[in-house]
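Right, one structure below, let's go through it.
The values are calculated or read from the model by the stated rules, or taken from the named source; none is laboratory data. Values in this document were obtained by computation on a predicted structure and should not be read as measured data. Heads up, the Cβs are rebuilt from the backbone with ideal geometry, glycines too, and the neighbour counts pull from every protein chain shown.
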Amino acid sequence: MIRDFLYRIIERRHFWRYATFSEIAELYASRTVRVIALNIVSGFTTVFMYESGYSIPFIAAFWVYFYLAKIPLTFLAGMLISRFGPKHGILVSNLLYVPALTALGMLSTYGLTSIIIWGVFVALSSTIYKNSYMVDFSKVKNVEHAGKEIAFMNILEKVSIGVSPIIGGVIALKFGLPMVMWLAAILFVLSAIPLFRSMEPVETHQKMHFKGFPIKSNLSNLIAQTGVGFDIVTTGTVWHLFIVVAVFPGHGWDIYVKLGILSSVTIVTALLASYAYGKLIDNSRGGGLLKISVIANAAVHIGRAFSNNVFSIVNTNVANEVATTGYNMAFMRGVFDAADLSGHRILYLCISDALANLGAAIACLFLLVFVSNWGAVEGMRLFFMVAAAFVLLIGTAKFNLYRKNSVIY
């Protein structure tokens, strides 16, 4: 149903690409259901561990190991995609998330064992999915309208992200978090179904190899991925923890509803920003958008350190949505172009993801050091200051796509 609805909208606007947009509509539908499933529960996992009695240093150390483990798994995912194709990779990824959610729902019974099992399966699932999705989207996109397609995907994600945390929060408050886990598990299985109405978009039974990979011309772009990973941890894990510890201490399990509402109030901003940025990217202004958005994002991280009430949190979330959406869409467009030109699409996207995971691990290591030495609240405030500087790395990317249009800088 979702796939057919999206297809009718897209086909009217892009009638000359009937077959290809059938494929991208399927990807849109699958992504939408997965994002709903993921955000029903994912925004609460770190907070769930904290509310269950685990210290912030322990949580930070857990995420360090988690992201470091994902680095070699990225190349395992690349080999799986090369052999079977990205659609089969997404199916495997979604199925792997089911035991992960089951394990996390049993945290109160099995403790650390539950966290370890959850971490292993989530690391496998998220790594395989991220690379499968990027390969699939990179292959089926339209070069002339890639900005618009990224914008449409971003709009669907933001709508899903805006609604699902509230749903997850209410269910967690009324029926307990395990019920949220089971609902998410069902949705993960369902989200892969729309993809198999067409063939794999890439040749299967390939072998991923490094020979001939253009490392020199892509070095700055790949290093910039560490800034992306650092930013993801800052905006997600650390920001949610900061809200719970510094702004809503002692609020108990109803914190899930509060986090859901605070995450959802930015939805209108996200939709408008996605639409406007898509037009800028397709009008050859992505390079300027990338640089300005990265600077704005750094300023937002500084502002996080001074947030101490609901009003400041909402303002920060709105500003973050404007900044992050801008750099993320422009950066993703550059990544897709670089992957196309590299002649090693799957390998390029895998290396990009590996370095993003490295950046995320570095962020968690900073968090561990700061909260261990300066306490939870002050440690996280100091972390936000470091994050503001680190994410500027994203702006150092030199995508060939934007070099050709350097006049817009």
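Checking GLY343 against (1) out of contact with any His (no Cβ under 7 Å at 6 or more places or on another chain); (2) small (Gly, Ala, Ser); (3) surrounded by fewer than 22 Cβ atoms within 10 Å (Cβ to Cβ); (4) at pLDDT 90 or above: exactly one of these is not met. Which one?
Just one mismatch for GLY343, condition (4).
List pairs: first residue in the stretch 352-369 and under 16 Å from ALA397 (Cβ atoms) and in contact (Cβ under 8 Å) with a residue 40 or more places away in the chain, second residue buried (at least 24 other Cβ atoms within 10 Å of the Cβ) and among the aromatic types (Phe, Trp, Tyr) anywhere in the structure, Cβ distance under 8 angstrom, at least six positions apart or on different chains.
Filtered contacts from the stretch 352-369: GLY359/PHE230.
If I filter the stretch 328-340 for residues that are over 22 Å from SER274 (Cβ atoms) and at pLDDT below 85, do I get at least one hit?
Yes: the stretch 328-340 contains one or more residues that are over 22 Å from SER274 (Cβ atoms) and at pLDDT below 85.
If I go through the stretch 297-312 residue by residue, how many of them are at pLDDT 85 or above and part of a helix (DSSP H, G or I)?
8
Scan (1) buried (at least 23 other Cβ atoms within 10 Å of the Cβ); (2) under 22 Å from SER138 (Cβ atoms) for the single condition LEU401 breaks and write down its number.
Unmet for LEU401, out of (1) buried (at least 23 other Cβ atoms within 10 Å of the Cβ); (2) under 22 Å from SER138 (Cβ atoms): (1).
Cβ-Cβ below 6 Å, separation at least six or inter-chain, first residue in the stretch 222-251 and of a type in the set (D, E, K, R), second at pLDDT 90 or above: which pairs?
Final answer for the pair search is ASP231/VAL391.
Looking at the stretch 244-261, can you tell me whether even one residue there is more than 16 Å from ALA387 (Cβ to Cβ), surrounded by fewer than 20 Cβ atoms within 10 Å (Cβ to Cβ), at pLDDT below 70 and within 21 Å of the chain's Cα centre (by Cα)?
Yes, that holds for at least one residue.
What residue, of SER274, SER293, SER284, is more than 30 Å from LYS207 (Cβ to Cβ) and part of a loop (DSSP other than H, G, I, E, B)? Full working, then the answer.
On the way: SER274 fails: part of a loop (DSSP other than H, G, I, E, B); SER293 fails: part of a loop (DSSP other than H, G, I, E, B).
That would be SER284, the only listed residue that is more than 30 Å from LYS207 (Cβ to Cβ) and part of a loop (DSSP other than H, G, I, E, B).
Considering each of SER284, SER293 in turn, give the residue that is over 22 Å from the mean Cα position of the chain (by Cα) and modelled with pLDDT of 70 or more.
Working: SER293 fails: over 22 Å from the mean Cα position of the chain (by Cα).
Criteria check complete, one pass: SER284.
All but one of (1) closer than 24 Å to VAL244 by Cβ; (2) surrounded by 20 or more Cβ atoms within 10 Å (Cβ to Cβ) hold for GLY326, so report the exception by its number.
Of the numbered conditions (1) closer than 24 Å to VAL244 by Cβ; (2) surrounded by 20 or more Cβ atoms within 10 Å (Cβ to Cβ), the odd one out for GLY326 is (1).
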